[in-house]
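These notes are about the structure you will find just below.
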Amino acid sequence: MAATLVRLRWRLTLNAVRSSVWAVIGLLAGGAYAIGAVSVLTGGAVLLGAAGDVTSVSLVLGALGALLVAGWTLVPLLLTGQDGTLDPRALAAWVAPSRTLARGLLVAAACGLPGLATGVVCLLPLLVWALSGQWAAVASALVMAPVALATCVILSRVVVTAAGLSTTRRGRDRVALVAVAAVLLGSLVPSLLNGLALGEGLEALRPVARAVGLTPLGWTFAVPGLVATGQWALAAACALGAVALPVLLMALWYRVVRRVMVTPVSGSGPSHGYVVVTGKPDRSSSAAGPAGDAAGTDAVSLVDVLPWARRLGRLMPVPAAAVAARCLRYWRTDPRYLAQLLGLCLVPALLVVVAVMGPAAGTSVVEHLAWGGAPAGLLALPVVLGLLTGWSLHDDLGYDSTARWSHLSAALCGRDDLLGRIVAAALWQIPVIVVSTLLVAGWTGHWRWVPVVLGTALALLGCAYGWSAVTSVLMPYEVNAPGDSPLRSRTSGTALLASLVQMAGWVVLAAVTAPVWGAGILVVLAGSWAWGTAVALLGLGWGLAGTCLGVHRAGVLLERRGARLLATIRSWPGHDQPG
């Protein structure tokens, strides 16, 4: 079975190459990249082995090995998911799921170009330890090399196949979210490492490298280093874990293959999320007569498609509650909204941590960021979150795409439309701001600052809601169409407009909320912490007023400019399909 699948894989690859010039170019480019990468890594292995520092070599190999295993999992998620010829779903019509098939698929995956290149890379630790003169480490590296390759291939196949990336819309949405998270984290890692290096020198990176190498992803590459440094007990434990990991993953891979081959592919939404509610029928119905009267005494069942509309409808206008319920579903399922949520929760926190990463002289990073002793600059985090979360609705109307016609045809009140969007966002954004305020207060030990920080953050949040509502009607600019990746760049030339609107909006918000943050500064400078509660109440009231004024004004503008707004949205690339 394995030999048949390997031949099938390469025959399909060669057939694709013969039929397309671009396939030839892609294959040559991939081969050149693999050869170049292996050559560079081989040169690095020679230099690392000649260095002679056994401890450093052990840390570097363990950390890089963990990154290699992680790359086998993440890179397919960020690109196309996987080779479609190796998808068990594609073989479901020809063969029944079995352990033999599952093993054959793994062998075929390892015999591809990435697998062959990775196999060579897994043998490079032998060269490193041979040049270092550590022959016991060489022997252990020889044993661990096939285990490392097996871990890479099996883990990648389990994650990618179980995600169903190439077969469902939800799978592609997962790809988009993973890509956004990887881009955000990847862009911040250099700054984080630089902050560590500047704070304590390269010695600060040693604990990080050791911790990464001792994770399950780095066990296979850490074992030779532990042998070389004489840590025999830890080496034996890591070796057992390294061998057990692919064995456990194989059992999981069998289950994944069986499940995906016998489960029909479905791109529908989560119908199981709907519940059935019971209620009394309308007695004024046209169903008259004995049958109708008898039916009138029984309860009827209705599908509760938007349960939050029913809950919020007790507190706000029913149309606004319906919009809020729909937007809450978007925040949970739409990759464009989820990408915003991920960025809003991740970026400010990491940026603040990176900004204060350099400890004072004579202070370690652990002491610098210890609970109750962290820098007071972290108190800016809730304020930044208040600004960014409120600003997240600045073009929310554009995300409706051409489906905005349904609001126009239903003559939905503009104020209800915008109020529902703000309520949906506030239901999760306000708790995030409150929790972050309490966390940074405890982390820094400045509990007296909580009312001042919370009041400022709420004032910025509420005024940002109002300003976002107005700008979403007056100055809409291109957003990605439904189904597009959140990483797709905008092409209608509105990127400059978006930047200008954002800068102008932040200046306006800073000026509008000046009474609140100005009062907070006075309280801090004077040390009159008893007035902090007044600042908190002022910020809450100021934010509510900003939201109400913005929603009222933007609602009037939306009713006047609804058709023009729909025409603008339809002119954006990808938004010209019926909603």
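Listing for the model above:
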read-out	value
Descending Cα extents along the principal axes, region 504-552, whole Å	37, 21, 9
Footprinting exposure proxy for TYR465, TYR330 (fewest neighbouring C-beta atoms within 10 Å first)	TYR330, TYR465
Packing-based order for 38-51, 374-387, using average beta carbon neighbours within 10 Å, highest first	374-387, 38-51
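Values in this text are rule-based calculations from the coordinates and carry no lab data. No experiment lies behind these values; they were computed from the predicted model shown. A quick note on method: Cβ atoms are made from the backbone with ideal geometry, for glycine too, and the neighbour counts reach across all protein chains shown.
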